[in-house]
Amino acid sequence: MNQDQVEQEIVIDAPIERVWAVLTESEYVGQWFGDGTPAPVDLRPGGIMRLDHGDHGAFPTKFVSVDPPCALSYRWASGFPGVVADEANSTLVEFTLSAEGGGTRLKVVESGFTTRAPSPNPSPDDTRESHEQGWAAVVGKLGELSEKLAV
Amino acid sequence: MTTEPVAAEDVFAALADPTRRRLLELLSQRGDATATELAGDLPVSRQAVVKHLVVLDGAGLVTGRRDGRERRYQVRPDALAATARWMNQVAAQWSSRLTAIKRLAESAEGS
């Protein structure tokens, strides 16, 4: 179980095709992510979507999968403004859309925070079995501990 | 992500390794421990534990002080708490983007 991720979801009172359009069309992307100016979107696997993050720079994200109107994913090198996202420098952002009643449930998962940066000392004793305890659980647990210690 | 401190990158890299996560857990349970004591609870050598502790120290996750011939380590909670807060910020940013998508989709509906 990979806990190296952030998840959010929302229910939208609009048809799935409409939500897909807002998610992928240049003029809308510029509004929900950027400063309002249309964002260049080359909507195909391997295509680039340029996200303008204002003072933080512009991010050429790269589409991994484009499956209208149900699924969209791209890589985002949020630590490297101006650099095209690849598997080594980025997190994976995955949108999932599903029709629900007359509306749409939209879910986003961003994952890969620990794997994007190369570990300075790769461990020879890094076994798959020991991956069952995700780092997020450790952060959560120790975060609680830290609050107790801080009191 | 609007607030991405370099420190968070170091913490993520340090936490990417399961042995290091286990070390943090052991240290938090014990309060403090030497590399020799920690190696006794893990299927790795003392030398390997020392290397992992150096990485954890570099990420600000543990701190060591001299105790006779060895160093005695304990968890430094600040970097972990900061990382937990950073993850919450990432989630909050996605939440506000989803809200913006919702507003756009719903307002454009009738037009």
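Every number in this text was worked out from the coordinates using simple rules, so none of it is lab data. As the structure is a prediction and not an experimental result, all values here were calculated from the model. Using ideal geometry, Cβ is built from the backbone for each residue, glycine included, and neighbour counts are taken over all protein chains shown.
Values computed for the structure shown
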quantity	calculated
Förster-model FRET efficiency, 25 Å R0, B:E106 and A:C70, C-beta, rounded to 0.05	0.80
FRET efficiency estimate (nearest 0.05) - Cβ-Cβ, A:D55 to A:S98, R0 35 angstrom	0.50
Cβ-based exposure ranking for B:S28, B:S107, A:S90, in which fewest neighbours within 10 Å come first	B:S107, B:S28, A:S90
Loop-located GluC sites (Glu not before Pro) in region A:54-116 whose Cβ has at most 13 other Cβ within 10 Å (DSSP)	A:E87
Kirkwood Rh, Cα atoms: Rg over Rh of chain B	1.25
Per DSSP, loop trypsin sites (Lys or Arg not before Pro) in region B:42-81 with at most 13 further Cβ within 10 Å	B:R69
Nitroxide proxy distance, nm - points 7 Å out along Cα→Cβ at B:D41 and B:R72	1.5
Other protein chain Cβ atoms within 10 Å, averaged over every residue that makes up B:85-95	4
Span from the region A:8-25 Cα centroid across to the region A:76-97 one, whole angstrom	21
